[in-house]
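*Asks:* Before I ask anything, let me first share the structure, which is written out below as structure tokens.
Taken together, the values in this text are just the output of simple stated rules run on the coordinates, not laboratory data. Please read all numbers here as calculations on a predicted model, not as lab measurements. Don't worry about glycine lacking a Cβ; one is built from the backbone with ideal geometry, like all the others, and counts go over all protein chains shown.
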Amino acid sequence: MKDRTPDPLATRLAVTELYASIQGESTHAGRPCTFIRLARCPLRCRWCDTVYSFDPGEPTTVGAVLDEVKRCGLPLVEVTGGEPLAQRGCHILLERLCDAGYEVLIETSGAFAFRDIDPRVKVIADLKCPGSDESHRNLLADLAALRSCDELKIVVADRADFDWALQRLNDELIGLEATVLWSAVHEECSGADLADWILQTKAPGRLQVQVHKVLWPAAERGV
């Protein structure tokens, strides 16, 4: 009798792009990294800079993705989107990447439960501010459970967003162990203003600048 156990490597995925670049954000900024951008996202953040990932993407398998990651030859891998956790196969991909010995990051919107993913994966989750038009999707209980190896990314469009996020950190997210990352919406909020607000309020965390947009300002994909 044939073994009908599904082969995890045959798990289907839809991929927008897979490439090697310099990590542009998070505490890992500046490190060479292989990016796996999974397709599709149910969110519509007003300032999204990867709207091309809303398309269906290219159908492939976990095994094929692992082969391409191996060809890139970098020890750091980030699974991003779109919203990577919108695809069922993402969990299997993360597990197999960890099994292969990679240091694995996932960047997620904070709108999908992530506490059941492989614990070896380092989570970079968004706290969606009102300026994104998606703040109602925040899973605050999941975000509050982020670990010290994880990171909470807060992108602000203005001072109202900043004050709102600071209130969340002092309320639902008080005691958060993860590193807080503050970012300004590109070409909408001044990074210098954000730096001033952080200094004025002694906000926790660190300011980050999107390194890839400094290095390759004209590139829209593959960076």
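*Asks:* May I ask which residue of A203, V155, A64 lies farthest towards the positive end of the charge dipole of the chain, with charges of +1 (Lys, Arg) and -1 (Asp, Glu) on Cβ and the Cα centre as origin?
*Replies:* Among A203, V155, A64, the one farthest towards the positive end of the dipole of the chain is A64.
*Asks:* Also: Does anyone have the angle between helix 159-169 and the longest principal axis of the chain? Alpha-carbon axes, 0 to 90°, nearest 10?
*Replies:* Roughly 70 degrees, rounded to the nearest 10.
*Asks:* Hey, in the GNM for the chain with a 10 angstrom Cα cutoff, which one of H212, H136, H186 fluctuates hardest?
*Replies:* Looking only at H212, H136, H186, the largest GNM fluctuation is found for H136.
*Asks:* Using a Gaussian network model of the chain whose springs link C-alpha atoms within less than 10 Å, name the residue from D118, D49, D171 with the highest mean-square fluctuation.
*Replies:* The residue with the greatest mean-square fluctuation here is D171.
*Asks:* Just to be sure I follow the rule: in segment 8-215, considering lysines 8 or more places apart or on different chains, how many pairs have Cα atoms under 20 Å apart? It would help to have the intermediate numbers written out before the result.
*Replies:* Numbers: K70/K122; K122/K153; K128/K153; K153/K202; K153/K213.
Lysine pair count for segment 8-215: 5.
*Asks:* How tilted is helix 89-99 with respect to the longest principal axis of the chain? Cα atoms for both, answer in degrees (0 to 90, nearest 10).
*Replies:* 80
*Asks:* E68 versus D55, label points 7 Å from Cα toward the beta carbon: distance in nm?
*Replies:* Distance between the two pseudo-spin positions: 1.3 nm.
*Asks:* Among 200-208, 145-153, how do they line up from the highest to the lowest mean number of other beta-carbon atoms within 10 Å? Walk me through the numbers before you get to the answer.
*Replies:* Details: 200-208: 14.3, 145-153: 18.7.
Top of the packing list down: 145-153, 200-208.
*Asks:* If you don't mind, another one. Relative contact order of the chain, please, whole-number percent, based on alpha carbon pairs below 8 angstrom and at least 6 residues apart.
*Replies:* Details: 430 pairs, mean separation 40.3, N = 223.
Worked out over the chain, it gives 18 percent.
*Asks:* Please arrange C129, C41 by counting, for each residue, the other beta carbons lying within 10 Å of its beta carbon, fewest first. Walk me through the numbers on the way to the answer.
*Replies:* Numbers: C129 24, C41 20.
Going from sparsest to densest Cβ surroundings: C41, C129.
*Asks:* For segment 8-215, with only Lys/Arg (+1) and Asp/Glu (-1) charged at the beta-carbon, what is the dipole magnitude about the Cα centre, in debye rounded to 20?
*Replies:* Numbers: 22 positive and 31 negative charges, 78 e Å.
The calculated dipole for segment 8-215 is roughly 380 debye.
*Asks:* Using a 4.7 Å cut-off between beta carbons, which cysteines in the chain end up with no partner cysteine at all?
*Replies:* Singleton cysteines: C33, C41, C72, C90, C98, C129, C149, C189.
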